[in-house]
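Peer 1: What follows is a structure written as structure tokens; I'll ask about it next.
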Amino acid sequence: MSAEATRAHALSALLDDAERARCGSLRRAADRDRYRVAHVALRQLLGAYLRRDPARVRLAPEPCPGCGGPHGRPAVADPGPVPLHFSLSHAGDAVLMGFADTPVGVDVEQWPAPETAAEVGQLLHRDERAELAALPPSDRPAAVGRCWARKEAYLKGIGIGLGEDLSVTYVGTGPVPADVPGWSVTDVPTHPGYAAACAIRA
């Protein structure tokens, strides 16, 4: 167990019942450790921003903007006078969090294997598919990873996750994200073999 996992395990009382249940449902010990590290860190930062005990931060899903159901993006149930929006993502050993006073989404992804990149690439916007087709095969996994991270960050920001077809919104596969109306999408520097992005409502 890593030092971060050991520390998070010692602080697991900060998690609420739903978080502990979700953590306990993960089959692999490594996945439980990663979940605990990410969610303990999230609670500590939320507590710092809100100036309250991290264990007393209540989280609840917002209404889904697509159907109105109680499964939208997670939110602070009682943020106080100043809005605090957040987003959390983790992949492999990487964790990314975003905090803002306006809706925000973040995502971090490991580059997919070449065969997975080929499959996912066929699901993207037609212009993104054309960009991938113009790249050497060796460059496509990184490009798909960039595109996926940007797309999921944006979709998490608007609150529907992967509830929108991946072919709808164009975010681009190249070195710079495309403009998305009403949103600022940026790449986030991260570890080799990973892609990460942040989307903030403009």
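Peer 1: Going through the range 112-158 one residue at a time, which ones are among the small types (Gly, Ala, Ser), assigned to a helix (DSSP H, G or I) and more than 23 Å from Ala100 (Cα to Cα)?
Peer 2: Ala117, Ala118, Gly121, Ala130, Ala133, Ser138, Ala142, Ala143, Gly145
Peer 1: Right, here's the next one. May I ask you to list pairs of residues, at least six apart or on different chains, whose Cβ atoms are under 7 Å apart, with the first in the range 48-64 being within 17 Å of Ser12 (Cα to Cα) and the second being among the polar types (S, T, N, Q) and open to solvent by less than 70 Å² (accessible area, probe 1.4 Å)?
Peer 2: Pro54/Gln44
Peer 1: Only one of (1) hydrophobic (A, V, I, L, M, F, W, C); (2) surrounded by 14 or more Cβ atoms within 10 Å (Cβ to Cβ); (3) modelled with pLDDT of 85 or more fails for Ala60. Which number is that?
Peer 2: (2)
Peer 1: Would you call Pro141 open to solvent by less than 70 Å² (accessible area, probe 1.4 Å), farther than 30 Å from Ala29 by Cα and either out of contact with any strand residue (DSSP E or B) (no Cβ under 6 Å at 6 or more places or on another chain) or small (Gly, Ala, Ser) (or both)?
Peer 2: Considered against the rule, which asks whether it is open to solvent by less than 70 Å² (accessible area, probe 1.4 Å), farther than 30 Å from Ala29 by Cα and either out of contact with any strand residue (DSSP E or B) (no Cβ under 6 Å at 6 or more places or on another chain) or small (Gly, Ala, Ser) (or both), Pro141 comes out as no.
Peer 1: Right, another one. Can you say whether Trp148 is open to solvent by less than 50 Å² (accessible area, probe 1.4 Å), closer than 30 Å to Val76 by Cα and of a type outside the set (A, V, I, L, M), as far as the supplied structure shows?
Peer 2: Considered against the rule, which asks whether it is open to solvent by less than 50 Å² (accessible area, probe 1.4 Å), closer than 30 Å to Val76 by Cα and of a type outside the set (A, V, I, L, M), Trp148 comes out as no.
Peer 1: Taking the residues in the range 170-202 that are within 24 Å of Ala75 (Cα to Cα) and of a type in the set (S, T, N, Q) as candidates, determine which candidate is farthest from the chain's Cα centre (by Cα).
Peer 2: Ser184
Peer 1: While we're on this one: Name the single residue, out of those in the range 162-183 being buried (at least 16 other Cβ atoms within 10 Å of the Cβ) and of a type outside the set (Val, Ile, Thr), that is farthest from Ala142 (Cα to Cα).
Peer 2: Trp183
Peer 1: Let me ask something else about it. So which residues in the range 22-43 are within 17 Å of Ala3 (Cα to Cα), open to solvent by less than 60 Å² (accessible area, probe 1.4 Å) and in contact with a helix residue (DSSP H, G or I) (Cβ under 8 Å, 6 or more places away or on another chain), if there are any at all?
Peer 2: Asp33, Tyr35, Arg36, Val37, His39, Val40, Ala41
Peer 1: Go through the residues of the range 128-138 one by one and say whether even a single one is closer than 30 Å to Gly69 by Cβ, out of contact with any Asp or Glu (no Cβ under 7 Å at 6 or more places or on another chain) and in contact (Cβ under 8 Å) with a residue 12 or more places away in the chain.
Peer 2: Looking through the range 128-138, at least one residue is closer than 30 Å to Gly69 by Cβ, out of contact with any Asp or Glu (no Cβ under 7 Å at 6 or more places or on another chain) and in contact (Cβ under 8 Å) with a residue 12 or more places away in the chain.
Peer 1: If you take the residues of the range 63-94 that are farther than 21 Å from Pro177 by Cβ, aliphatic (A, V, I, L, M) and surrounded by 15 or more Cβ atoms within 10 Å (Cβ to Cβ), which of them is nearest to the chain's Cα centre (by Cα)?
Peer 2: By that ranking, first place goes to Ala75.
Peer 1: Give the range 96-114 a look and list any residue that's open to solvent by 60 Å² or more (accessible area, probe 1.4 Å) and under 21 Å from Tyr194 (Cα atoms), or say none.
Peer 2: Matches in the range 96-114: Gln110, Trp111, Pro114.
Peer 1: Here is a further query. Out of the range 166-191, which residues are under 22 Å from Gly66 (Cα atoms), free of Cβ contacts under 8 Å to residues at least 40 places away in the same chain and assigned to a loop (DSSP other than H, G, I, E, B)?
Peer 2: Within the range 166-191, Pro181, Gly182 qualify.
Peer 1: Are there any pairs, at least 6 apart or on different chains, whose C-beta atoms fall under 8 Å, with the first in the range 101-119 and without any contact (Cβ under 8 Å) to a residue 24 or more places away in the chain and the second in a loop (DSSP other than H, G, I, E, B), and if so, which?
Peer 2: Once the first residue is without any contact (Cβ under 8 Å) to a residue 24 or more places away in the chain and sits in the range 101-119, its partners that are in a loop (DSSP other than H, G, I, E, B) give Asp101/Val82; Asp101/Pro83; Asp101/Leu84.
Peer 1: Something else about it: Can you find a residue in the range 48-59 that is over 18 Å from Ala197 (Cα atoms) and aromatic (Phe, Trp, Tyr)?
Peer 2: Within the range 48-59, one or more residues are over 18 Å from Ala197 (Cα atoms) and aromatic (Phe, Trp, Tyr).
The values are calculated or read from the model by the stated rules, or taken from the named source; none is laboratory data. Please read these numbers as outputs of a predicted model, since none were measured by experiment. Reconstructed Cβ throughout: ideal geometry from the backbone, glycine too, with neighbour counts over all protein chains shown. Keep in mind that these areas ignore ligands, DNA and RNA; they rest on the heavy atoms of the full protein, side chains included. Shrake-Rupley method; radii C 1.70, N 1.55, O 1.52, S 1.80 Å.
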